[in-house]
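These notes are about the structure you will find just below.
Derivation of every value follows stated rules applied to the coordinates shown; laboratory data play no part. Here the structure is a predicted model, which means the values were calculated and not measured. So basically every Cβ, Gly included, is an ideal-geometry build from the backbone, and we count neighbours across all protein chains shown.
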């Protein structure tokens, strides 16, 4: 398991790589980009592919024995116990509609455990990164926990409450909203962007639940709270195992 100077070098590499991938993505943002549909009906664009290609090239050049698992080009096994997990453009639907809530997610697993990760939101000029035992940083500043210990003083932000009902957690969710001082749904926060949405009006959403989780986890890292799954399970795999890259436990 990497520690100390080695872990710092790996983290520095990841931050630089995610920054380069974000620069590629921004050359396509709010342009007349034609998307394609993947078999699962999600979107993919030249921005996704070129960003992942850049990340793979950087990893291959710097750590040739490491494996890579990416959303667009699958898994390439390495000769070591280390594998980089890539989501080159999380929130492609937002990206395509001109909404700036999308990001590059990059994490490193060692023996199946995530040891570091980066979430770069290039349109917002915000980058979150963390490594095991080293804390979490937001735009270079150490993230600190909130001093709040009363839900009545807290702000609850969520992507969509509809997902609680199938798990039988709708009453608990409603109770949480009632107990919290303020709450905001992500779609409402994005409403100012919906007027410029090329799809035309409607309720602006992130378009990607993983990005919503990532943003929530980033806020958790900054605000001092962990995230748990609806069934209490320990699972960081999701779509491409990149959600925990912000340095929080997503269970």
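With a simple spin-label model that places each label point 7 Å from the Cα along the Cα-to-Cβ direction, the separation between residue 146 and residue 1 comes to 3.0 nm. Calculated FRET efficiency, residue 31 to residue 155, Cβ-Cβ distance, R0 = 35 Å: about 0.55 to the nearest 0.05.
Answer rounded, prolate or oblate for the stretch 1-157, using the Cα gyration tensor with square roots of eigenvalues a ≥ b ≥ c: rounded when a/c is under 1.5, else prolate when a/b is larger than b/c, else oblate. Verdict is oblate for the stretch 1-157.
Extension gain for the segment residue 81 to residue 9, taken as residue separation times 0.36 nm less the Cα-Cα distance, is 24.2 nm to one decimal. Residue order for 177, 25, fewest other beta carbons within 10 angstrom first, comes to 177, 25. For the stretch 16-66 versus the stretch 74-103, the spacing of their alpha-carbon centroids is 7 Å. Counting beta carbons within 10 Å around each of 124, 96 and listing the fewest first gives the order 124, 96.
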